[in-house]
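The values are calculated or read from the model by the stated rules, or taken from the named source; none is laboratory data. Everything quoted here is computed from the prediction, not taken from an experiment. Cβ placement follows ideal geometry from the backbone for every residue including glycine, while neighbour counts extend to all protein chains displayed. Please note that ligands, DNA and RNA were not included when accessible areas were found on the heavy atoms of the full protein model with its side chains. Shrake-Rupley method; radii C 1.70, N 1.55, O 1.52, S 1.80 Å.
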Amino acid sequence: MQEAVSGLDGGSLILLSKCLQSSNRGKHCTFWLWPSSDLNQVFGAMCLKLLLLYLSTDNGLVESLQSCPATNPSMLNVHLVPHTHDDVGWLKTVDQYYYGDRNNIQHAGVQYILDSVIDQLQKDPARRFIYVETAFFYRWWRQQSQSTQKIVAQLVNEGRLEFINGGWCMSDEATTHYSAVIDQMTLGLRFFLIFYICSNMSLLIGLFDILSCRLERAMGVAQHHDAVSGTEKQHVAYDYARRLATGWAHCEVLVRNSLAVLSGSEAPRVFCENLNISVCPLTESSHKFSMNVYNPLGRTVSWPVRLPVNGSVYNVTDANGRAVDSQVGNVFISLKCTCYIYYMKSSCLLPLLSVRWFHFSINNTSVTFDDTTGLLSSLTNLETDQTIQLTQNFYWYNASAGNNKESRQTSGAYIFRPNSSDPFVINKTAETQIVTVSSTAQEVTQRFSPWVSQVVRLYEGHRELELEWTVGPVPVADGLGKEVITRLDTDIKSSDYFYTDSNGREVLERRKDYRPTWELKQTEPVAGNYYPINSRAYIKDDKHQLTVVTDRSQGASSIYNGSLEIMLHRRLLYDDFRGVGEPLSEPGEFSDGLVARGRLLLTLSPPDTAADVHRPLAQGMVLQPLLSFQDGTPSANTKLEFSGLQTSLPPAVHLLTLSQWDKDTVLIRLEHQYQAKESKTHSQPVTVNLQKLFSTLEVLGASEMSLGANQWKEDMNRLQWNTEKTSKPLPLSDKDPSPWEN
């Protein structure tokens with residue numbers, strides 16, 4: 001199968017054995033696999049009908065261009081393109097926007113837009129319209145009669161009704177992870193795929209509902225540019241959370257059933273969604289329970305597990321009945337799981353020691369603390385014999401209230417604008433409250449203020465230093481909005497350069513007070529140097545690279561040479577006049593402000609090998625193992641181990657997608673996760689044999705598709721753009737307003 005499977009390289013499609021080679025690193029490969037004996041029939045039928053897909057750049061584009069009104073080359077031809085920007089939630093919830101509810105907030109009803117568009121297109125053949133948001137169109141479509149559905153299909157075939165983008169929503173560009181963007185695009189494109197393949201329109205909605213689950217649709221909505229970005233009203237944020245919770249509740253049933261089949265155990269299984277706040281009713285109430293760990297990655301990972309318990313002594317055994325070291329203290333039992341492919345083997349922490357100390361090291365990494373301030377003072381990689389000075393603390397920027405002489409612009413949900421370039425330090429010292437020392441893990445609990453604390457951890461066998469921070473409720477009784485950061489100050493000579501990831505994938509070089517394509521006149525020395533990060537940021541010099549891997553999308557910058565700062569929390573008192581109409585001040589559970597908790601993973605490496613560490617580390621942070629629990633002891637016939645793969649994937653290859661497409665087909669995406677030249681070891685060609693990859697699938701054939709899985713490779717025809725510069729834009733005059741203040 002190495003020569004039978006094709007890969008995607010920016011539109012140029014090549015065999016898999018070449019797809020993962022150096023010229024294609026950082027590209028995605030999408031494949032279809034089907035356990036079907038009638039391969040030719042499946043391929044031929046799908047291929048024939050996909051040619052009718054309007055979004056195809058072969059037929060669809062030609063029909064669209066042919067349907068355009070004729071132009072006059074001797075005149076200036078003005079093209080008016082009516083289209084939608086129907087937010088899938090913003091000032092109103094998804095439902096309120098669709099049905100036209102709460103028009104006192106905003107007068108908008110999407111169903112009426114679609115009703116009127118279809119009506120008006122029928123009245124004048126010269127009219128055109130573009131629709132964008134599949135989430136809304138899908139809802140409207142399922143409510144239409146067959147006669148209306150046929151009219152819509154005819155309008156599309158005539159090129160008078162177009163669907164642009166094709167995703168479930170218009171996803172955000174700054175805060176989304178690339179895997180979620182691909183998934184929501186696939187979800188939307190799949191609807192249109194079925195739209196055109198199904199000859200019986202009445203079957204469309206039922207088929208799509210079966211093939212897509214509620215969690216997929218909720219996740220698709222969550223990627224909207226006013227959802228994951230946080231630029232929606234608070235009641236809309238609550239609705240997004242409700243949708244995700246409802247979607248996961250339905251998905252839990254599927255996961256439970258799958259695990260029951262794989263393990264052969266029908267015993268009730270629960271998931272503890274609140275482990276991040278140390279809540280799990282089953283582990284806290286049961287004296288005997290079992291834990292299953294599902295590893296979604298195609299490689300072995302080592303993952304620490306901390307569970308809230310009420311007992312003081314627990315005996316832990318692995319799948320083979322061997323005793324596992326475990327640590328009970330501070331109402332937690334701690335385990336460190338080595339998770340193979342859908343398989344777990346455990347080792348654990350040793351007992352707590354309550355002593356005061358200021359230095360610890362395990363295997364690969366050493367950390368020191370200042371005995372006067374209690375702050376971190378150095379970080380050492382024992383493998384490479386590297387040491388840097390490292391101080392870490394928490395600060396807050398005073399958010400602009402809009403009464404500054406230089407600008408009336410406030411800081412809000414859309415705009416980060418501190419009223420000073422110098423942040424306030426929360427505390428110059430950290431109180432060391434708890435110290436835990438063992439042969440497999442060590443940790444220090446620091447308290448900076450009543451609303452800021454942190455646990456610093458090192459795990460045996462791990463290269464990273466973990467910083468688990470807790471911030472909030474952010475106090476605002478003093479009338480000051482606060483933008484809370486943590487800052488890492490080092491002796492790395494970064495020379496005003498720093499690096500941030502783009503959607504969790506490509507890493508981009510940044511330079512303070514600089515833009516590569518125009519001469520920057522910096523008016524915001526802090527905010528003007530902030531960039532979004534989705535999984536990592538780093539600074540480096542010739543010898544050292546300090547990388548920070550995050551567990552969520554955040555803002556980051558390097559304001560000072562050798563420093564890296566990351567935004568953790570924001571609580572503001574004023575709206576920033578960009579449409580939301582309310583300040584960014586989430587009330588939290590007790591209406592006194594939101595408490596946020598997260599993790600940062602720090603690694604110190606030589607620059608030429610740093611990617612070998614932070615690439616898999618970031619993937620492991622995004623795709624963490626899934627824990628489930630059962631009360632009591634597993635029955636004797638329970639299968640305790642299962643692997644969906646025969647062997648681990650090569651380190652450079654990530655299994656991005658493995659999903660059931662329909663009864664007889666599976667969609668798989670493999671990606672080379674290293675950029676060109678960033679790793680001497682892994683930025684190299686890789687070959688994957690699909691026939692020897694899966695333990696339960698017999699691969700009889702494969703065919704390559706586009707990344708969105710809506711076109712066969714032979715049907716793809718990218719537009720060719722003329723990028724030659726013929727003129728330069730006029731420079732702004734001194735009197736031109738800032739784009740934020742016009």
Using the beta-carbon distance between Lys680 and Phe590 and R0 = 60 Å, what value does 1/(1 + (r/R0)^6) give for FRET efficiency, to the nearest 0.05? 0.70
Projecting each Cα onto the charge dipole of the stretch 94-247 (Lys/Arg +1, Asp/Glu -1 at the beta carbon, about the Cα centre), which of Thr246, Val181, Asn165 comes out farthest on the positive side? Thr246
Between Glu698 and Phe424, what is the label-point separation in nm under the 7 Å Cα-to-beta-carbon projection? 7.0
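Can you compute the charge dipole magnitude of the stretch 94-247 about its Cα centre, using +1 on each Lys and Arg Cβ and -1 on each Asp and Glu Cβ, nothing else charged? Give it in debye, rounded to the nearest 20.
With only Lys, Arg, Asp and Glu charged at Cβ, the dipole is about 320 debye.
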Checked against a 32 Å limit on the C-alpha separation, the offending pairs among Lys639/Lys677; Lys482/Lys680; Lys692/Lys713 are Lys639/Lys677; Lys482/Lys680
What's the Kirkwood radius of the stretch 646-716 in Å, using all Cα pairs? 14.0
Net charge, Tyr514 excluded, C-beta distance under 13 Å - Lys, Arg +1, Asp, Glu -1: +1
Rounded to 0.05, the calculated FRET efficiency for the beta carbons of Gln154 and Tyr99 at R₀ = 25 Å is 0.40
Which of the aspartates and glutamates could be linked to Lys543 by a straight reach, that is with a Cα gap under 19 Å, when you skip same-chain ones fewer than 8 residues away? Glu383, Asp385, Glu464, Asp489, Asp491, Asp496, Glu509, Asp608, Asp612, Glu678
Residues of the stretch 436-468 with amide N under 19 Å of the 7 Å Cα→Cβ point at Arg597: 436, 442-459, 466-468
Starting from 0.36 nm per residue, how many nanometres of slack lie between His287 and Ala267 once their C-alpha separation is accounted for? 5.5 nm
Aspartates and glutamates with Cα under 12 Å of Lys123, excluding same-chain neighbours fewer than 8 positions away: none
If you build the Cα gyration tensor of the stretch 57-189 and take the root of 5 times each eigenvalue, what three semi-axes come out, in whole angstrom, biggest first? 27, 20, 16
Starting from the Cα of Asn276, move 7 Å in the Cα-to-Cβ direction to define the label point; list residues of the stretch 239-260 whose amide nitrogen is under 13 Å from there. 241, 245
So if each residue of separation counts as 0.36 nm, and I subtract the Cα-Cα distance between Ser147 and Ser495, what length gain in nm does that give? 118.7 nm
How large is the charge dipole for the stretch 452-552, taken about the Cα centre, if only the Cβ atoms of Lys, Arg (+1) and Asp, Glu (-1) carry charge, to the nearest 20 debye? 180
With charges only on Cβ, +1 for K and R and -1 for D and E, what is the dipole size of the stretch 646-716 about its Cα centre, in debye, rounded to 20? 340
Assuming R0 = 22 Å, can you tell me the calculated FRET efficiency for the pair Gln720 and Val81, based on Cβ-Cβ distance, to the nearest 0.05? 0.55
Using a 1.4 Å probe, what is the accessible area per residue for the stretch 394-621, in Å²? 40
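Report the net charge of residues surrounding Ser258, where surrounding means a beta-carbon distance below 12 angstrom and charges are Lys +1, Arg +1, Asp -1, Glu -1.
+1
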A student applying the Cα gyration tensor rule (rounded when a/c is under 1.5; otherwise prolate if a/b is larger than b/c, oblate if not) would label the stretch 470-594 prolate
Once label points are set 7 Å from the Cα along Cα→Cβ at both Glu173 and Ser643, what is their separation, rounded to one decimal in nm? 4.3
Once Lys and Arg are counted +1 and Asp and Glu -1 for all other residues with Cβ under 13 Å from that of Ser535, the total becomes +2
Please give me, ordered by residue number, the trypsin sites (Lys or Arg not before Pro) of the stretch 403-454 that lie in loop per DSSP and have at most 16 other Cβ atoms within 10 Å. Lys405, Arg408, Lys428
Among Ile668, Ala556, Pro651, whose Cα sits farthest toward the positive end of the charge dipole of the stretch 531-674 (+1 at Cβ of Lys/Arg, -1 at Cβ of Asp/Glu, about the Cα centre)? Pro651
